[in-house]
1. Around Asp104, which amide H atoms from residues at least 5 apart in sequence, or from another chain, sit under 5 Å from its own amide H, with H modelled in the peptide plane?
2. Counting helices only, and only those DSSP H runs with n ≥ 4, report the 222 nm mean residue ellipticity of the chain as the sum of -39,500 (n - 2.57) divided by its residues, in deg cm²/dmol to the nearest 500.
3. Determine the sum of side-chain charges near Glu37: Lys and Arg each +1, Asp and Glu each -1, restricted to other residues whose C-beta is under 14 angstrom from that of Glu37.
4. Give the Kirkwood hydrodynamic radius (Å, one decimal) of the chain, defined as one over the mean of 1/r across all pairs of different Cα atoms.
5. Once amide H atoms are placed 1.01 Å from N in the peptide plane, what residues at a sequence separation of 5 or more from Ala63, or on another chain, have their amide H within under 5 Å of its amide H?
6. Is the shape of segment 182-243 rounded, prolate or oblate, going by the alpha carbon gyration tensor and its root eigenvalues a ≥ b ≥ c, with a/c under 1.5 for rounded and a/b larger than b/c for prolate?
7. Are there GluC sites (Glu not before Pro) in segment 169-255 that DSSP puts in a loop and that have at most 16 other Cβ atoms within 10 Å, and which ones?
8. Could I have the simple spin-label model distance between Ser220 and Ile3, label points 7 Å from Cα toward Cβ, reported in nm to one decimal?
Amino acid sequence: MRIPFIAGNWKMFKTVQETVVFVKELGGFVKDVADVEIVVAPPFTSVHSAAVAARNTNIGVAAQDLYWEREGAFTGEVSASMIKEAGAEYVIVGHSERRRLFGDTDRAVNRKAIAAIGAGLTPIVCVGETLEERERDQTLAVLDRQVKDGLDGLTGDQVGEIVVAYEPVWAIGTGRHATAAQAGEAHAHIRKRLGQWFGAGAADRCHVIYGGSVKPENISELIAEPDVDGALVGGASLEVGSFADIVTKSRPAAV
Ligand code: 13P
C-alpha cells in the first residue's frame, strides 16, 4: 500500500538558520509518525543543513530543482549527484513556477527526472493545467502530455518509485484549492494513464500527490480521495505548526 506522502515546498523562503530551527522543531512534532512519509524542500543553500538537522528523524529532504548534466560549465546550476551528496533523497522537477517563469519544457522535465533517478534521487514530477486550459476543457489532455512526455523512457519499475504531483496552476498560492472531486478526477486519470503506459504495478505503487492551497483545513477532504496519496504544500509548509498539522491529519487512522 502507498503510505501518505506529505512534502513542504518552501520555494524561495528560509535561510540556513531558519531551516535548522524548523527541521528540529518539526522533528519533535512528528517523531511518532511512522505511517506518513514527511519531506521538506528548502532552497539549495539549505539542503545540506536540513539533511544534517534531519539525521535520525523521520524527515526526508528534497531539493526544488536540478540540472541534468553531471558537471560542467553551467553557471548557476546544480546537478543531481551534488544534491544527493548534500543529503537530499528527493528532488522536485517541473514545478509550474519553473515552467512558467524559467521556461522548463516537458523535455527538460524529462531530462531532469531521468538525471534524478540516475543519481539515486526520487523525483517529484509536477504536472497541472492553467485556469485557461481548465476553462477550455483541456485539463486531461494537458495532463496526458505532461505525464507522457515528462516520464518518457522510464521503466515501469522506475515509475513505481517516483512521485507525481498534480498541481493545478490556478490553485497555487491563490487560496483556491481544487475540490476533492476535481482532485479525485485528475488523480484517477493520471493513475489510469500510468497503468496504460507503464503497467498496473507502476500505477499501483506510484504516489500521486496533490498541490495547490493545501491547508490544515482542507487536507482531510483531499486525502480521503482514494487516488490522492498526499500533498505538496507551499505556503502552509512554512509554519511548522500548520505543516505538522497537515502531516497528522494525513495519517491513515485520521482519514
Ligand atoms: P501553495 O500551497 O502555496 O498554494 O503552493 C503549492 C505549491 O506550489 C507547492 O509546490
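Every number here is computed from the coordinates shown, using simple stated rules; none is lab data. The shown structure was predicted, so the numbers you read here are calculated from the model rather than taken from an experiment. Here the Cβ is made from the backbone with ideal geometry for all residues, glycine too, and neighbour counts use every protein chain on show.
1. Arg99
2. It comes out at -13000 deg cm²/dmol, rounded to the nearest 500.
3. Residues near Glu37 contribute -1 overall.
4. Evaluated over the chain, this radius sits at 17.9 Å.
5. Amide H neighbours of Ala63: Tyr90, Val91, Ile92.
6. Judged from the Cα gyration tensor, segment 182-243 comes out prolate (a/c at least 1.5, a/b above b/c).
7. Details: sites: Glu185, Glu217, Glu221, Glu239; in loops: Glu217, Glu239.
Qualifying residues, ordered by number: Glu217, Glu239.
8. Taking the two extended label points, one gets 2.3 nm.
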